[in-house]
Amino acid sequence: MSVTKERAEGALDVVRIRADFPILSRTVGDKPMVFLDSAATSQKPRQVIEAEREFYERHNANVHRGIYMLSEEATELYEGAREKIARFIGASDPATIVYTRGTTESINLVAHAWGRKFLKEGDEILLSDMEHHSNIVPWQLCVRDTGAVLRYIPLTDDGLLDLSDLGSLLTKRTKILSVSGMSNSLGTLPPIRELADAAHAVGAVVCVDGAQLVPHVPVDVAELDCDFLSISGHKMLGPTASGGLYARRELLEAMDPFMGGGHMIEEVHHDHSTWNEVPYKFEAGTMNIAQEVGLGAAVDYLRALSMDAVRAHEEEITGYAIDRLLDAGATIFGPKDVSVRGGAVSFWYKDVHPHDLATVLNEEGVAVRAGHHCTQLVMRRFGVPATTRASFYVYNTNDEVDALIAALGRAEEVFGF
Amino acid sequence: MALDEIYKETILDHYKNPRNKRELPGAELSCSRNNPLCGDEITVFVHEEDGKVAAVTFLGQGCSISQSSASMMTEAVNGRSVQEAERLIGDFRGMMAGDAEPDEDEFGELVALKGVVKYPIRVKCAVLAWDVLQEALSGGDGKAAGASAHGA
């Protein structure tokens with residue numbers, strides 16, 4: 001175990017990283033706070049908080065509007081963040097990044113602006129049983145309006161996508177495959193490139209829910225060959241309501257707008273309007289300017305760490321956590337092999353209900369998520385009402401995994417049958 | 001310490017050895033509901049006779065708070081008039097909302113749940129069974145929002 005620990009701390013200088021996150025010095029009662037819920041939202045480094053504050057203190061103005069100094073500065077920062085985000089995911093053209101308030105809005109944008117325009121009765125949308133509700137419900141709303149049909153890739157007992165029958169699920173009728181890049185409840189990393197190749201072979205477009213993928217794994221949209229990729233800023237050290245949608249430019253050109261309003265137009269007449277160029281066609285009204293600038297700072301922070309090192313750190317700590325949880329008698333949902341999974345680890349511990357467990361863990365200073373994690377299809381697949389989930393990021397240490405395990409012991413004392 | 005306060009022996013006792021946890025054949029009133037946030041589920045069965053709660057049972061699964069609250073509830077309302085049962089439901093909700101101090105004579109063991117008030121997100125666990133009972137008594141057909149969290 002000590003070897004694992006040293007290697008984990010080798011991939012990233014976690015002691016130095018933790019010093020950048022003011023919130024991590026908080027305590028719960030007299031115990032150090034152990035934050036293991038980054039899959040829900042990550043904590044923010046000073047650099048991000050400062051970027052947002054400096055924007056408001058020195059550069060605040062609306063963008064693309066005013067012919068004056070502040071507006072020009074604000075626009076430069078806002079568009080500069082777009083360039084950083086594009087580079088971060090390997091997109092060569094910043095105009096292929098549409099700002100949104102996160103993955104939920106991004107997927108709704110695709111289902112609305114692409115789905116309602118291009119899907120018709122009898123077309124099929126292929127999802128999977130591991131999807132977050134935000135990659136299910138927008139499509140349910142879409143099929144109601146279009147007459148298209150939803151189909152789902154099932155899961156194996158290990159929590160991997162069961163691709164044994166993919167040939168009958170992915171057919172000429174399939175117009176879009178929309179899947180998670182990394183499951184938020186099982187941790188699974190599906191083989192996106194393989195799925196994209198298969199989808200493209202039948203003429204379907206590929207939409208990847210990157211809420212968990214982009215913060216934790218090096219991503220290159222050209223290598224993944226996806227057509228859409230949603231990005232959640234607040235899960236990758238950025239402010240809440242920051243994020244975006246990557247889409248191939250020709251798709252953005254062909255799609256209808258999502259919301260109507262200021263700035264998304266070119267000309268407005270009594271009876272019709274014409275649209276602004278991509279990506280502004282999709283950015284109606286005043287956007288989350290300061291937050292996207294903050295996301296640009298988060299991207300700088302992650303690039304300085306190197307996403308390869310982030311991934312290596314998380315493989316180490318996830319492997320350590322899985323070993324220790326299994327030793328402690330927990331049941332883990334999702335793959336155990338860290339090469340095909342990320343650091344969101346769902347488990348069930350000795351018949352202690354996840355809500356009771358999370359309450360006891362909180363008393364010990366350990367913050368975890370308990371519930372269905374917005375993945376009710378996953379809960380039903382594994383026959384549990386809820387799970388407890390610990391999730392890790394750049395600032396977590398193996399010592400914090402040890403604190404989790406010790407707190408489980410306390411729960412057993414209280415709830416032992 | 002807070003933990004001990006909310007998981008008093010009474011709560012754990014009712015959780016581990018739930019009272020009246022069974023179906024009630026021939027019950028005129030029944031209602032189920034789940035808490036879509038956490039997957040807790042409760043079904044309450046009531047046999048009503050001459051304006052009285054002649055028998056009340058429950059089935060369900062979930063955390064210690066929701067299940068012990070259901071168990072204590074069945075003991076507390078059994079044999080009371082429907083009117084008294086409804087008043088107790090109101091008083092219990094008042095305690096869980098932090099609005100009213102419980103009358104210890106009326107509440108008995110239910111006082112053990114008072115500590116949950118300090119955990120706002122879990123108050124709904126404690127109140128779930130009572131909401132279901134209220135709905136059953138008012139003749140609700142028992143289909144709550146959200147699908148059952150169980151199955152294959």
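The values are calculated or read from the model by the stated rules, or taken from the named source; none is laboratory data. Keep in mind that this is a model prediction, so the values were computed, not measured. Positions of Cβ are generated from backbone atoms using ideal geometry, with glycine treated the same way; all protein chains shown enter the neighbour counts.
Looking at A:Gly122, A:Gly159, A:Gly147, can you tell me which residue is surrounded by 15 or more Cβ atoms within 10 Å (Cβ to Cβ) and on the phi > 0 side of the Ramachandran plot?
A:Gly159
For the condition at the interface with chain B (Cβ under 9 Å from one of its Cβ atoms) and out of contact with any His (no Cβ under 9 Å at 6 or more places or on another chain), A:Pro335 does not qualify.
Hey, among A:Tyr349, A:Tyr393, which residue is of a type in the set (Phe, Trp, Tyr) and in contact with a strand residue (DSSP E or B) (Cβ under 8 Å, 6 or more places away or on another chain)?
On the way: A:Tyr393 fails: in contact with a strand residue (DSSP E or B) (Cβ under 8 Å, 6 or more places away or on another chain).
Unique residue meeting the criteria: A:Tyr349.
Would you mind stating whether A:Thr359 is within 14 Å of chain B (Cβ to nearest Cβ), assigned to a helix (DSSP H, G or I) and among the polar types (S, T, N, Q)?
yes
Where in segment A:124-211 are the strands (runs of 3 or more DSSP E), entirely inside, with at least 2 residues that are more than 17 Å from A:Ser106 (Cα to Cα), assigned by TED's automatic domain parsing to the domain that holds A:Leu245 and in contact (Cβ under 8 Å) with a residue 24 or more places away in the chain? Qualifying strands (runs of 3 or more DSSP E): A:124-128, A:149-153, A:174-180. Which members of segment B:25-44 meet the condition of being surrounded by fewer than 19 Cβ atoms within 10 Å (Cβ to Cβ) and either of a type in the set (Ser, Thr, Tyr) or away from every other protein chain (no Cβ under 14 Å) (or both)? Answer for segment B:25-44, where residues must be surrounded by fewer than 19 Cβ atoms within 10 Å (Cβ to Cβ) and either of a type in the set (Ser, Thr, Tyr) or away from every other protein chain (no Cβ under 14 Å) (or both): B:Pro25, B:Gly26, B:Ala27, B:Glu28. Screening A:Ala113 on (1) in contact with a Gly (Cβ under 8 Å, 6 or more places away or on another chain); (2) hydrophobic (A, V, I, L, M, F, W, C); (3) assigned to a helix (DSSP H, G or I) shows it passes everything except condition (1).
Is it true that A:Cys226 is in a strand (DSSP E or B) and assigned by TED's automatic domain parsing to the domain that holds A:Asp93?
no
Report yes if A:Leu326 is part of a helix (DSSP H, G or I), more than 26 Å from the chain's Cα centre (by Cα) and modelled with pLDDT of 95 or more, otherwise no. It is true that A:Leu326 is part of a helix (DSSP H, G or I), more than 26 Å from the chain's Cα centre (by Cα) and modelled with pLDDT of 95 or more. Residue-level check: of (1) surrounded by 19 or more Cβ atoms within 10 Å (Cβ to Cβ); (2) within 26 Å of A:Val394 (Cα to Cα), A:Ala247 misses just (2).
Sub-9 Å Cβ pairs linking a first residue in segment A:316-337 that is charged (D, E, K, R) to a second residue that is part of a loop (DSSP other than H, G, I, E, B) and at pLDDT below 95, at least 6 apart or interchain, are A:Asp323/A:Met1; A:Arg324/A:Met1, ordered by first then second residue. For segment B:93-109, the condition of being over 28 Å from A:Gln376 (Cβ atoms) and among the basic types (Lys, Arg) holds for none of the residues.
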